[in-house]
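Some notes on the structure that comes next.
The values are calculated or read from the model by the stated rules, or taken from the named source; none is laboratory data. Since the model is a prediction, treat every value here as computed from it, not as a measurement. Heads up, the Cβs are rebuilt from the backbone with ideal geometry, glycines too, and the neighbour counts pull from every protein chain shown. Surface accessibility is based on the protein's heavy atoms, side chains included, excluding ligands, DNA and RNA. Shrake-Rupley method; radii C 1.70, N 1.55, O 1.52, S 1.80 Å.
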There are 2 protein chains.
Amino acid sequence: MSPEDISSYVKFVQKLATAAGAETLPKFRNLASVENKKDGGGFDPVTVADRAAEDAIRALIKKTYPDHGILGEERGTEEGVSAFTWVIDPIDGTRSFITGIPTWGTLIALNDGDRPVVGLMDQPYLDEQYVGAPGRATMTRRSETRALAVSNQKDIHDAVFSTTTPEMFATPEKKEVYETITSTVRLNRFGLDSYAYCLLASGLIDLVVESGLAPYDIQALIPIVEGAGGRVTTWTGSDAQNGGDVVAAATPELLQAALTILGPASEA
Amino acid sequence: MSPEDISSYVKFVQKLATAAGAETLPKFRNLASVENKKDGGGFDPVTVADRAAEDAIRALIKKTYPDHGILGEERGTEEGVSAFTWVIDPIDGTRSFITGIPTWGTLIALNDGDRPVVGLMDQPYLDEQYVGAPGRATMTRRSETRALAVSNQKDIHDAVFSTTTPEMFATPEKKEVYETITSTVRLNRFGLDSYAYCLLASGLIDLVVESGLAPYDIQALIPIVEGAGGRVTTWTGSDAQNGGDVVAAATPELLQAALTILGPASEA
């Protein structure tokens, strides 16, 4: 993919985020307002917001890139005739969305058939937009864009660690992994969903470990973390784009230290 | 205290928040910038930010209310000659502050010698300011102020629960309390510090349980939660202004259900 292609896809993904934000932000902390708009199937308000955002994104993709495929959390898969697929989670962090915590986000990736090449995480309440592409990652807030870079943290004992919830570690082997990591690192942070990967790309968190992710939970975040110089793999060190057991680390040394702990508990 | 007195204290506490924000916000996600300004004692950058904010607050209090006492996290107690004491935590949620998570806050309470009557939580990155006073609580964002009200949640099985970290539940009895509550409620949210109480006052979280709090961790939040119609007590149902084991609940019924679980594990 040429640099010109990348640039135009980045512009397009930002347009998608704007369309999604127009659906999500007015409903944030205001879910009672959509109670009466349930679309007949008995869905909860957050599902209504989720679907409205995904539909807005899908409509723009179909208009602009009609031969691209789409994989979304809410509306499933539509095969394309080209190799390209857009991978969408309209509201990642729905538990934060419904409880008023401003770290949910809209995730959109463009996968070229081999891997996610462009990724975006948009948080409209914070007015923060994280974008990753080959060789670069940026964060835009209040029209100001700055380059992101991961930390230099190599030592797991000094690392800032994050995972969304201890409940992710469901098997006895995973519970043991959770105990080992949270007692080894310097600081634990919980509850962040995709925002943790954005803070890792920003050099503020060093290590993220999660389990049970779907492809649309992680694909948008891979270009952001890698574009900032970090690494994302499964717990056995392989390609993480299909989700499952995922680890993101600021440095290869920190990744290796985490994989040593995680590998034996992997379900892959 | 007259309504006029309350109003002037509310205006003053907002002035204090502005002064604190001028010290904290420029250092948020930018702690490397204060590395070289360590004040000789080997303090970490967040301590430097914390102290600068508390010093700014103290200077204004001394100028405006020279006979009031001050109790702050960073600089200890200064006795006043009047019954009034300002109770300050310049950066509540320092772990969020250093890891880039925008849910830390500046906490300031005015205690009339009997109880905290005015309380403020200010989050300058979000531009959110929560203020509580007898009979009312408000949130101001982007110059827009709206009244806060807790939820009507009475059933602990349907409640949204929050605690800052499982690590707060340190004794075997408290670990059991943690397991019971997190497995009883509908949804658990972690990592929020004082922001959880503000979301409770906003009707978005129903129950907060914490342990090991200092007076400056909780006093500012009591008028906010109570002003929004909620309740704050210790785990045995008594006055929470001295900190320790604390519970905040949206309704008396929910508080009672929580106290039944919490009471036996209380250290008070």
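List the helices (runs of 4 or more DSSP H) that sit entirely inside the range A:207-268 and contain at least 3 residues that are among the hydrophobic types (A, V, I, L, M, F, W, C) and surrounded by fewer than 24 Cβ atoms within 10 Å (Cβ to Cβ).
In the range A:207-268, the matching helices (runs of 4 or more DSSP H) lie at A:252-262.
Could you check the range A:85-108 and list, in sequence order, the residues that are of a type in the set (S, T, N, Q), more than 14 Å from chain B (Cβ to nearest Cβ) and either part of a loop (DSSP other than H, G, I, E, B) or open to solvent by less than 10 Å² (accessible area, probe 1.4 Å) (or both)?
Just the residues of the range A:85-108 that are of a type in the set (S, T, N, Q), to begin with: A:85, A:94, A:96, A:99, A:103, A:106.
Then drop every residue that is not more than 14 Å from chain B (Cβ to nearest Cβ), which leaves A:85, A:106.
Correct list: A:Thr106 only.
Would it be correct to say that A:Val225 is in contact with a Leu (Cβ under 7 Å, 6 or more places away or on another chain) and within 12 Å of chain B (Cβ to nearest Cβ)?
no
If you go through the range A:102-142, how many residues are of a type in the set (Ser, Thr, Tyr) and either more than 16 Å from the chain's Cα centre (by Cα) or more than 24 Å from B:Ile101 (Cα to Cα) (or both)?
Kept after step one, since they are of a type in the set (Ser, Thr, Tyr), are these residues of the range A:102-142: A:103, A:106, A:125, A:130, A:138, A:140.
Still in the running and either more than 16 Å from the chain's Cα centre (by Cα) or more than 24 Å from B:Ile101 (Cα to Cα) (or both): A:125, A:140.
Residues that pass the stated criteria total 2.
Can you name the condition, by its number, that A:Glu23 falls short on among (1) farther than 22 Å from A:Leu192 by Cβ; (2) at pLDDT 95 or above; (3) open to solvent by less than 10 Å² (accessible area, probe 1.4 Å)?
Here A:Glu23 meets the rest and fails (3).
Could you tell me whether the range B:24-31 includes any residue that is touching a residue at least 40 places away in the same chain (Cβ under 8 Å), more than 30 Å from A:Ser96 (Cα to Cα), assigned to a helix (DSSP H, G or I) and among the hydroxyl-bearing types (Ser, Thr, Tyr)?
Scanning the range B:24-31 turns up no residue that is touching a residue at least 40 places away in the same chain (Cβ under 8 Å), more than 30 Å from A:Ser96 (Cα to Cα), assigned to a helix (DSSP H, G or I) and among the hydroxyl-bearing types (Ser, Thr, Tyr).
Look at A:Pro172 and say whether it is surrounded by fewer than 21 Cβ atoms within 10 Å (Cβ to Cβ) and within 10 Å of chain B (Cβ to nearest Cβ).
Numbers: surrounded by fewer than 21 Cβ atoms within 10 Å (Cβ to Cβ): yes; within 10 Å of chain B (Cβ to nearest Cβ): no.
Considered against the rule, which asks whether it is surrounded by fewer than 21 Cβ atoms within 10 Å (Cβ to Cβ) and within 10 Å of chain B (Cβ to nearest Cβ), A:Pro172 comes out as no.
Hey, can you tell me all the residues within the range A:109-135 that are assigned to a strand (DSSP E or B), out of contact with any Ser or Thr (no Cβ under 6 Å at 6 or more places or on another chain) and of a type outside the set (Asp, Glu)?
Within the range A:109-135, A:Ala109, A:Leu110, A:Pro116, A:Val117, A:Val118, A:Gly119, A:Leu120, A:Gln123, A:Tyr130, A:Gly132, A:Ala133 qualify.
In the range B:178-197, which residues are farther than 18 Å from A:Phe190 by Cβ and open to solvent by less than 40 Å² (accessible area, probe 1.4 Å)?
B:Thr184 - this is the single residue of the range B:178-197 that is farther than 18 Å from A:Phe190 by Cβ and open to solvent by less than 40 Å² (accessible area, probe 1.4 Å).
Restricted to the range B:63-80, and to residues that are open to solvent by 60 Å² or more (accessible area, probe 1.4 Å) and within 23 Å of B:Leu25 (Cα to Cα), which residue is farthest from the chain's Cα centre (by Cα)?
B:Arg75
In the range B:143-182, which residues are within 18 Å of the chain's Cα centre (by Cα), modelled with pLDDT of 95 or more and part of a loop (DSSP other than H, G, I, E, B)?
Residues satisfying the conditions are B:Leu148, B:Ala149, B:Val150.
Taking the range A:109-137, which residues are surrounded by 23 or more Cβ atoms within 10 Å (Cβ to Cβ), more than 17 Å from A:Ala240 (Cβ to Cβ) and more than 14 Å from every other protein chain (Cβ to nearest Cβ)?
A:Leu120, A:Asp122, A:Gln129, A:Val131, A:Ala133
Kindly provide the set of residues from the range B:135-178 that are free of Cβ contacts under 8 Å to residues at least 24 places away in the same chain and at positive phi, ordered by number.
If the condition is that a residue be free of Cβ contacts under 8 Å to residues at least 24 places away in the same chain and at positive phi, then B:Arg142, B:Ser143 are the ones that fit.
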